[in-house]
Amino acid sequence: MIENDKKAYDILNHSSSHIMAAAIKKIFPDAKFAIGPSIKEGFYYDFDIDKNISMEDLPLIEEEMKKIIKADYKFEKKEISKKEARELFKNNPYKIELIKDIEGDSVRIYSSGDFIDLCSGPHISSTGKVGAFKLLSIAGAYWRGNEKNKMLVRIYGTSFFEKEELKKYLDRLEKAKRSDHRKIGKDLDLFSFHDEAPGFPFFHSKGMIMINIILDYWREEHIKESYEEIKTPIILSSQLWRTSGHWDNYRENMYFVKIDEDDYAIKPMNCPGAILVYKSNQHSYKELPIRITELGLVHRHEKSGVLLGLLRVRSFTQDDAHIFCMEEQAEEEISKTIGLIDRVYKVFGFDKYHLELSTRPEKRIGTDMMWEKAENILKKAIESRGLEYAVNEGEGAFYGPKIDFHIEDCLGRTWQCGTIQLDFAMPEKFDIEYMGEDNIRHRPVMIHWVVLGSIERFLGILIEHYSGNMPPWLAPQQIAILPISEKFYDYGLEIYDHLKKKGFRVEMDNRVESLNKKIRQAEIKKIPYMVIVGKNEKDTGTITIRKKTGGDIKEIKLSDFISELKDVIKNKKNIY
């Protein structure tokens, strides 16, 4: 087993979930276990127990796990009949249900010491191969994700082959806690959530400043590439969603409403509206490709247990773009789109990302021929730019295969944001056409794509990537004027007025506080520049600049500071 192989870590973490279950069984003999898979960067196990389990119990479980690891029990595999398995797990209704769902007449079990579990494997050779582990958190989880089922206890953990790897991971987790966008968003007064609208964010004025900066840049880049912006309604008839295929393939994620006794749905996606805009006029091959964009507000039904600040919400603005083109134009359009996405990510500070190509899912619309053509075009477009990609079999959208962009933040975490989907099916379902050079009507293909995905989620990712220390062009407040005493408020106000007129986002701290306290407050607010004014500055007609990062304090003419800051903002530089 290669220790730096992702599959090896999946096996290690899955084996660790069994070790944790064995330890829990030692401490709480009445516990009934459900499932314990490996997940990204760790593992969990769900179990049923008539006892309140808290974080205080985790050290006790860890101590028992250490004993099991030290004992170095072998993981031994055995095939048994379903009848034997039902007898073996007769007191565990969760295992009995799982046995029922397994195809064939036999099942696989694994034992390690005196602990036996229903499992298809594979596992590490023995418990002693776990080099280092940590139990991280406790949560509730409905059996099989169904809220009608019983709530089980879920304990999360992570395992590594080496202690140093665990230390690095825990350090990263600690940094991630400090970078939590929910805390920073509250500290900087960017947004809030309220019980009156769970899962629906409320943006404050400073949050809207950041969103509008992001969208202004987004619009600039799309205008350069000849996109035209549209706006479509958020409520559309149920018949439209039946035609698009969302009714049969996406209905569980949608909200519905009746108007004058007719059925309507709140849109979860923007594409059907874009198709109606396309259909409102006749089109010639000379017009293609037609590129349109929409900052469309969409709503998706998310269970309360998965909501997570701005990263998982029930309503969000999707930066949708749709290209209607001839089939022979699709590869070039997709290649151009990859280039645009690359450019945007780098401006926001995401220099690292990887691509994944997701192919036809089991639940889909369109013919196999459509899917084959679409998948091949996407592959060629990626390869034409010399990029590597992984393939996710069966993970495409129900209407077409897609390229997903996974950006990497400063903590090494990846986030799926951009996506490009090639769709032959929906143009056919909506019967959209263009007049060809041969004077015959033809069917266009449709490229659906986003670069940011959800504006709200992207903002959350940005906040965590920079730990709230936004580059000056993105910062909701760029400058704080800090007079060292009341005597210099008038001079501070002159500077404030001048900077404000130049279009900078500036505030003045005129509290009766020491300069050190004012500096500390500006640092907490993560303001990139502090302008300090006192007697020397007033006498010489200068200002003293202090960056939030500290260590760079200089006296400068106001005009020189303005020129310097304009350059930083125009070129979207990061000063940290």
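The values are calculated or read from the model by the stated rules, or taken from the named source; none is laboratory data. Remember, it's a predicted structure, so these values are computed and weren't measured experimentally. Here the Cβ is made from the backbone with ideal geometry for all residues, glycine too, and neighbour counts use every protein chain on show. SASA here: full protein model, heavy atoms, side chains in, ligands and nucleic acids out. Shrake-Rupley method; radii C 1.70, N 1.55, O 1.52, S 1.80 Å.
Observations on the structure shown:
- Among the listed pairs K379/K572; K32/K78; K163/K352, a Cα-Cα separation exceeding 24 Å is found for K379/K572; K163/K352.
- Phi-derived couplings, Karplus 6.51 cos²θ - 1.76 cosθ + 1.60 at θ = phi - 60°, listed residue by residue for segment 30-40: 7, 5, 10, 9, 10, 10, x, x, 7, 10, 4 Hz, with x used for Gly and Pro.
- Span from the segment 444-459 Cα centroid across to the segment 319-367 one, whole angstrom: 9
- All Cα pairs of segment 109-264, percent lying beyond 18 Å: 82
- Shape of segment 239-353, Cα gyration tensor, a/c cut at 1.5: oblate
- Scalar couplings 3J(HN,Hα) for segment 566-574, obtained by applying the Karplus form with A = 6.51, B = -1.76, C = 1.60 to θ = phi - 60°, are 4, 5, 4, 6, 4, 8, 6, 7, 9 Hz; x denotes Gly and Pro.
- Solvent-free Debye calculation, one equal scatterer per alpha-carbon of segment 30-84: log10 I(q)/I(0) at 0.14, 0.23, 0.29 Å⁻¹ equals -0.61, -1.27, -1.21.
- Distance from segment 388-414 to segment 4-29 (C-alpha centre basis), Å: 28
- Here the Karplus relation 6.51 cos²θ - 1.76 cosθ + 1.60, evaluated at θ = phi - 60°, turns the backbone of segment 370-376 into coupling constants of 4, 5, 4, 4, 4, 4, 5 Hz, with x for every Gly and Pro.
- Extension reserve of the I27-K573 stretch, reckoned as 0.36 nm per residue once the Cα distance is removed: 191.0 nm
- Separation of the I553 and D114 label points, Cα + 7 Å toward Cβ, nm: 6.8
- Exposure ranking of T232, T367 by accessible area [1.4 Å probe, largest first]: T367, T232
- Prolate/oblate/rounded label for segment 385-457 (Cα gyration tensor, a/c 1.5): prolate
- For segment 1-129, the fraction of alpha-carbon pairs in successive 10 Å shells from zero, as %: 12, 43, 36, 9, 0
- Computed on segment 457-527, the Cα convex hull volume stands at 79 Å³ per residue.
- Charge-dipole axis of the chain as Lys and Arg at +1 and Asp and Glu at -1 on Cβ define it, positive-most pick from Y399, P268, I27: I27
- Spin-label pair R413/K77, simplified geometry with 7 Å Cα→Cβ offset, distance in nm: 3.5
- Amide H to amide H distances under 5 Å link G113 with K74, where only residues 5 or more positions off or on other chains count and H is placed in the peptide plane.
- Segment 430-544 - share of DSSP beta bridges that are antiparallel (%, nearest 5): 25
- Cα-centred dipole magnitude for segment 331-409, charges only on beta-carbon of K, R (+1) and D, E (-1), debye, nearest 20: 220
- As a ratio to 2.2 N^0.38 Å, the alpha-carbon radius of gyration computed for the chain takes the value 1.16.
- For segment 481-576, the dipole from Cβ point charges (+1 on Lys and Arg, -1 on Asp and Glu) about the Cα centre works out to 480 debye, to the nearest 20.
- Cα-only Debye scattering, segment 402-495: base-10 log of I(q)/I(0) at q = 0.23 Å⁻¹: -1.13
- Cα centre as origin, Lys/Arg/Asp/Glu Cβ charges: the chain dipole, Debye: 1700
- Most positive-pole-ward Cα, L98, N149, G128, against dipole of segment 42-162 from beta carbon charges: L98
- Simple rule: put +1 on each Lys or Arg Cβ and -1 on each Asp or Glu Cβ in the chain, find the dipole, and look at F430, I575, M55; the Cα lying farthest toward the positive end is M55.
- Rough spin-label spacing in nm, given labels placed 7 Å along Cα→Cβ, for E393 and E63: 4.7
- Separation of segment 506-531 from segment 264-300 is 47 Å, based on Cα centroids.
- Only helices enter this figure: runs of n ≥ 4 DSSP H residues, each worth -39500 (n - 2.57), summed and divided by the residues of the chain, yield -11000 deg cm²/dmol at 222 nm to the nearest 500.
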